[in-house]
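The values are calculated or read from the model by the stated rules, or taken from the named source; none is laboratory data. Remember, it's a predicted structure, so these values are computed and weren't measured experimentally. Cβ atoms come from the backbone with ideal geometry, glycine included; neighbour counts cover every protein chain shown.
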Amino acid sequence: MSRIVHVVGTGTIGEPLIGLLCHFKEKLGIDEVTFNKRSPLFTDRSKVKTLLDRGAKLSTSQEAMSGFEKLGLKAEFETREAIERSAVVIDCTPSGAGLANKSEFYESASSVKGFIAQGSEFGFGKMYARGINDEALVPGEDRFLHVVSCNTHNLAALLKTLAMENGREPQNLVSADFVCMRRANDVSQDAGFAPSPQVGKHKDESFGTHHARDAHHLFKTMNLSYQNLYSSAVKLNSQYMHTLRFRIRVEKDTSVEQLMELIRENDRLAVTYKKSANQVFSFGRDHGFFGRILNQTVIPHETLSVVDGRWITGFCFTPQDGNSLLSSVASTNWLLDPEDYESRLQVLKPWFFEEV
């Protein structure tokens, strides 16, 4: 079977993901990268042309093909055709659209090895975050995967590293509370900016917001049942980075020094002396791949505190696109080659930073 990877959507995740897959196509063992764009827009023409110049091939609906031709862009495949000729499909459409696409296109595409959805697509398939629950993936069985949201990546990495000692002592975690201070919108977006802080609802009776709920289900794939997780969210009038405040209770006494050892052992986490999202975001723009830091989280380690030996408190920054991009590439490679995906993924190691 050919190893074609198809990306649906060209937004804040889809666009850099297509570029990344094209850039490392040979080293990742991919034959061809295709992508689907629904609407032919003059404002998006330069973006689509750049992706085509990188070697990706465009698909769209039959109705939209003439619109792309008027823009001077050629769609080589119709939407359903592009899906059914692929080995892996990565859905990067807005919230809820992935579930709709699953019903309309994916479930009937029996020749495709697997499908991956992003972020807020609860129920799409088995939840996944690279380095958190890789051992829970079952070759030949897990065909629909759900890459969790960027903030869920962050808090799951914190729990596994700081409270579970890299998973060696899962019962060490007692409880955890998180406040997700979210950026208003992406720097590429005009809509959705918040003129002042906006607090979010606690829609989930047990977990508050979807971040803790999704982390609960993520760990459940490893037969770990963490009920005492809770998260809140507030949207800030910033476009730079999400910031997370955490308070974690553990069974065994620990110290800041011990926690720093665990952090340094783990390439999922980066540390920094920087204390502003502006400075961390700027580092990613200047030194990341497509401006993205690929670590799960960036911890300003001077904010780490341990009270009474068992209460861990601190702040961290979420590389919001980076951790999702990494898990998308990892799950793609797992679907293509479950035995060798980790070694192929090492091509991205230069963008795992020890210090930001």
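Applying the set (1) surrounded by fewer than 17 Cβ atoms within 10 Å (Cβ to Cβ); (2) in contact with a Gly (Cβ under 8 Å, 6 or more places away or on another chain) to A184 leaves exactly one unmet item: (1). Hey, among the residues in region 62-77 that are of a type in the set (D, E, K, R) and part of a loop (DSSP other than H, G, I, E, B), which one's surrounded by the most Cβ atoms within 10 Å (Cβ to Cβ)? So, considering only residues that are of a type in the set (D, E, K, R) and part of a loop (DSSP other than H, G, I, E, B), the one surrounded by the most Cβ atoms within 10 Å (Cβ to Cβ) is E76.
Residues that are among the small types (G, A, S), part of a loop (DSSP other than H, G, I, E, B) and touching a residue at least 24 places away in the same chain (Cβ under 8 Å) within region 86-122 comprise S86, A87, S95, G96, A109, S111, G119, S120, listed in sequence order.
If you take the residues of region 336-356 that are touching a helix residue (DSSP H, G or I) at 6+ places or on another chain (Cβ under 8 Å) and of a type in the set (A, V, I, L, M, F, W, C), which of them is surrounded by the most Cβ atoms within 10 Å (Cβ to Cβ)? The selected residue is V356. Candidates Q227, Q258, Q296: the one that is under 21 Å from T209 (Cβ atoms), out of contact with any Cys (no Cβ under 7 Å at 6 or more places or on another chain) and exposed (fewer than 15 other Cβ atoms within 10 Å of the Cβ) is Q227.
Tell me yes or no: at least one residue of region 198-210 is loosely packed, with under 13 Cβ neighbours inside 10 Å, out of contact with any Cys (no Cβ under 6 Å at 6 or more places or on another chain) and under 24 Å from N278 (Cα atoms).
Yes, region 198-210 contains at least one residue that is loosely packed, with under 13 Cβ neighbours inside 10 Å, out of contact with any Cys (no Cβ under 6 Å at 6 or more places or on another chain) and under 24 Å from N278 (Cα atoms).
Considering region 197-221, the residues that are of a type in the set (S, T, N, Q) and under 16 Å from T243 (Cα atoms) include one that is modelled with the highest pLDDT, namely T209.
Residue-level check: of (1) outside any loop (DSSP other than H, G, I, E, B); (2) assigned by TED's automatic domain parsing to the domain that holds A270; (3) out of contact with any Cys (no Cβ under 9 Å at 6 or more places or on another chain), L158 misses just (3).
Across region 169-189, the number of residues qualifying as in a loop (DSSP other than H, G, I, E, B), closer than 30 Å to R285 by Cβ and of a type in the set (D, E, K, R) comes to 2. Within region 124-150, residues that are surrounded by 24 or more Cβ atoms within 10 Å (Cβ to Cβ) have Cβ atoms under 6 Å from residues that are part of a helix (DSSP H, G or I) and basic (K, R) in these pairs: I132/K160, counting only partners at least 6 apart in sequence or on another chain. Determine whether region 280-288 contains at least one residue that is in a loop (DSSP other than H, G, I, E, B), in contact (Cβ under 8 Å) with a residue 60 or more places away in the chain and more than 21 Å from the chain's Cα centre (by Cα). There is no residue in region 280-288 that is in a loop (DSSP other than H, G, I, E, B), in contact (Cβ under 8 Å) with a residue 60 or more places away in the chain and more than 21 Å from the chain's Cα centre (by Cα). Out of A56, A64, A82, one residue alone is touching a strand residue (DSSP E or B) at 6+ places or on another chain (Cβ under 6 Å), of a type in the set (A, V, I, L, M) and more than 24 Å from L348 (Cα to Cα). It is A82.
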